[in-house]
Amino acid sequence: MTATEIPDLTAELSAKADRHLWGHFARHGKGITAPIISRGEGCYIYDSHGKRYFDGLSGLFVVQVGHGRAELAEAAAKQAQTLDFFPLWSYATPPAIELADRLAHYAPGDLNRVFFTTGGGEAVESAWKLAKQFYKLTGKPGKYKVVSRAIAYHGTPQGALAITGLPDFKAPFEPLTPGGFRVPNTNFYRAPEPYNTDIKAWGRYCADRIAEAIEFEGPDTVCAVFLEPVQNAGGCFPPPPGYFERVREICDEYDVLLVSDEVICAFGRIGSMFACNDFGYVPDIITCAKGMSSGYSPIGAMIASDRLFEPFNDGKTTFGHGYTFGGHPVSAAVALANLDIFEREGINDHVKTNAPIFRATLEQLLELPIVGDVRGEGFFYGIELVKDKTTRETFDDSESERLLRGFLSTALFEAGLYCRADDRGDPVVQLAPPLISGPAQFDEIYLILHRVLGEASRLL
């Protein structure tokens, strides 16, 4: 049967979806029908009608090596035939052992202990629980609070959601796990005077607010600071020069753990296996997921330092935490095969070489009246949209609704680009293409964005 002879089952599938499928972070109701994505190949996805789209978000910051990698499917099948499943609850499996060893060697400093989860939110949850128990075991039981940044997103479990800095996301589920406190993020585009002309001073100001929050709450009550290397929500806020160096000093001064939440930024998104290496700091814990397997099978991890593991290494103390499918043998085998591709094809070097080209291509959008800022690192960028470029006036909630959901999200997709039009902070368009992308793909992204954002400018 040829491609043209394949029956279009979209109507039937859509009816089933409308009746039974509950989408994630999705609106439902009369007149809302979710597009059905049925196939992927390289940097592209295809809907149920066969229309092709550029995957400008790598699925969800996940598909690092592109869609349709046969060897990753083969790795999954081979492992499933050998050992389909076994938990890591007091037992180990060869793929989990090998993957833990691999990740520990990629991680900086003494981050040598790998605790597997099935995703990023679980990794964040695990990190907070570890921080709490670590201090209870080391004679500081009052340390349970965490500091994170405004607008930052760290996951959906009750604990991870408490760390998240998006009030509208949290409100339906309150009261949440107590102990989450917020400090300013590093959005230099919105920096107030006198910091708006000195990015290093801005970074120092933002970092010092962490010290201030610890002092306000009491150093004997704060266990950890959770920070993404490049903050996702709000539109890709890079760290100012010297920011993480100062944060590390603060954490050491107050005996507070620094957690590098790299669920998005790890595995080449910025250019290294772990983005803390890109920005020159050594955290106490790394949380990661997404790109570890390029999304071919779900897996995440919390990677902790030897110091944090030590109280549990006495033959009797247990970290009373786990997930049935954490470190699943099939997922671990796929992750190992994925990392093999990284090394064989030089994926990280490819990102480092092409990141300046990606930046330069996207910065051409600054000529449009609706584009206020283009920011990010590696293959991870946000384009902030404004009503007025001179004043940097942003859109109110109703305007964002009309602009993002009423026009941009649909228009960009119809134009052949899957990306994110996001209003969790100021309105932005986010891009995170597969790491195999190059200048030709950057140009394709730019041309679609330029055309559609140009249309949006005329609607203002």
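The values are calculated or read from the model by the stated rules, or taken from the named source; none is laboratory data. What you see is a predicted model, and the numbers here were worked out from it, not measured in a lab. So basically every Cβ, Gly included, is an ideal-geometry build from the backbone, and we count neighbours across all protein chains shown.
Within region 407-419, track down each residue that is surrounded by fewer than 22 Cβ atoms within 10 Å (Cβ to Cβ) and in a helix (DSSP H, G or I).
Selection gives F407, S409, T410, A411, F413, E414.
Among the residues of region 250-274, write down those that are touching a residue at least 60 places away in the same chain (Cβ under 8 Å) and closer than 12 Å to Y106 by Cα.
Selection gives F267, G268, S272, M273, F274.
Filter region 387-396 down to the residues that are in contact (Cβ under 8 Å) with a residue 24 or more places away in the chain and more than 12 Å from A456 (Cβ to Cβ), then identify the one that is surrounded by the most Cβ atoms within 10 Å (Cβ to Cβ).
So, considering only residues that are in contact (Cβ under 8 Å) with a residue 24 or more places away in the chain and more than 12 Å from A456 (Cβ to Cβ), the one surrounded by the most Cβ atoms within 10 Å (Cβ to Cβ) is T394.
Quick one: is C223 assigned to a strand (DSSP E or B) and either within 17 Å of the chain's Cα centre (by Cα) or within 24 Å of E125 (Cα to Cα) (or both)?
yes
With the condition being closer than 17 Å to C223 by Cβ, I'd like the helices (runs of 4 or more DSSP H) fully within region 115-183 carrying at least 3 qualifying residues.
Filter on region 115-183 gives 120-137, 158-163.
Residues in region 165-183: is at least one farther than 23 Å from F274 by Cα, of a type in the set (F, W, Y), touching a Lys or Arg at 6+ places or on another chain (Cβ under 8 Å) and in contact (Cβ under 8 Å) with a residue 24 or more places away in the chain?
yes
Checking P141 against (1) surrounded by 18 or more Cβ atoms within 10 Å (Cβ to Cβ); (2) closer than 21 Å to E215 by Cα, which single condition isn't satisfied?
(1)
Test R375 against the criterion of being surrounded by fewer than 17 Cβ atoms within 10 Å (Cβ to Cβ) and either over 28 Å from V351 (Cβ atoms) or in contact (Cβ under 8 Å) with a residue 24 or more places away in the chain (or both), and give yes or no.
Working: surrounded by fewer than 17 Cβ atoms within 10 Å (Cβ to Cβ): no; either over 28 Å from V351 (Cβ atoms) or in contact (Cβ under 8 Å) with a residue 24 or more places away in the chain (or both): yes.
Considered against the rule, which asks whether it is surrounded by fewer than 17 Cβ atoms within 10 Å (Cβ to Cβ) and either over 28 Å from V351 (Cβ atoms) or in contact (Cβ under 8 Å) with a residue 24 or more places away in the chain (or both), R375 comes out as no.
Condition first: over 27 Å from F279 (Cα atoms) and buried (at least 22 other Cβ atoms within 10 Å of the Cβ). Now tell me which residues in region 351-370 satisfy that.
Once the filter is applied, which keeps residues that are over 27 Å from F279 (Cα atoms) and buried (at least 22 other Cβ atoms within 10 Å of the Cβ), region 351-370 yields only I370.
Determine whether region 52-67 contains at least one residue that is more than 13 Å from A333 (Cα to Cα), over 22 Å from the mean Cα position of the chain (by Cα) and either of a type in the set (G, A, S) or in a loop (DSSP other than H, G, I, E, B) (or both).
No, because not a single residue in region 52-67 is more than 13 Å from A333 (Cα to Cα), over 22 Å from the mean Cα position of the chain (by Cα) and either of a type in the set (G, A, S) or in a loop (DSSP other than H, G, I, E, B) (or both).
Only one of (1) surrounded by fewer than 23 Cβ atoms within 10 Å (Cβ to Cβ); (2) more than 19 Å from P95 (Cα to Cα) is not met by E343, so which one is it?
Evaluating E343 over (1) surrounded by fewer than 23 Cβ atoms within 10 Å (Cβ to Cβ); (2) more than 19 Å from P95 (Cα to Cα) leaves (2) as the failure.
Yes or no, residue by residue, for (1) over 28 Å from P356 (Cα atoms); (2) assigned to a loop (DSSP other than H, G, I, E, B); (3) among the small types (G, A, S):
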| site | (1), (2), (3) |
| --- | --- |
| E399 | yes, no, no |
| R405 | yes, no, no |
| A421 | no, no, yes |
| D426 | no, yes, no |
| P433 | no, yes, no |
| D443 | no, no, no |
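Testing A26 on (1) under 27 Å from the mean Cα position of the chain (by Cα); (2) crowded, with 18+ Cβ neighbours inside 10 Å, one condition comes back false. Which one is that?
(2)
Which of the residues belonging to region 371-391 are of a type in the set (K, R) and under 30 Å from E262 (Cα atoms)?
Within region 371-391, just R375 meets the criteria.
If we keep just the residues of region 30-60 that are more than 21 Å from P433 (Cα to Cα) and at pLDDT below 90, which is surrounded by the fewest Cβ atoms within 10 Å (Cβ to Cβ)?
G31
Of all residues in region 79-103, count the ones that are outside any loop (DSSP other than H, G, I, E, B), more than 20 Å from the chain's Cα centre (by Cα) and either under 18 Å from C276 (Cβ atoms) or β-branched (V, I, T) (or both).
So the answer is 3.
Considering A211, A207, A266, which residue is modelled with pLDDT of 95 or more, assigned by TED's automatic domain parsing to the domain that holds I341, among the small types (G, A, S) and out of contact with any Asp or Glu (no Cβ under 9 Å at 6 or more places or on another chain)?
A266
Return a yes/no flag: does region 91-98 have any residue that is at positive phi, among the hydroxyl-bearing types (S, T, Y) and without any contact (Cβ under 8 Å) to a residue 60 or more places away in the chain.
Among the residues of region 91-98, not one is at positive phi, among the hydroxyl-bearing types (S, T, Y) and without any contact (Cβ under 8 Å) to a residue 60 or more places away in the chain, which makes the answer no.
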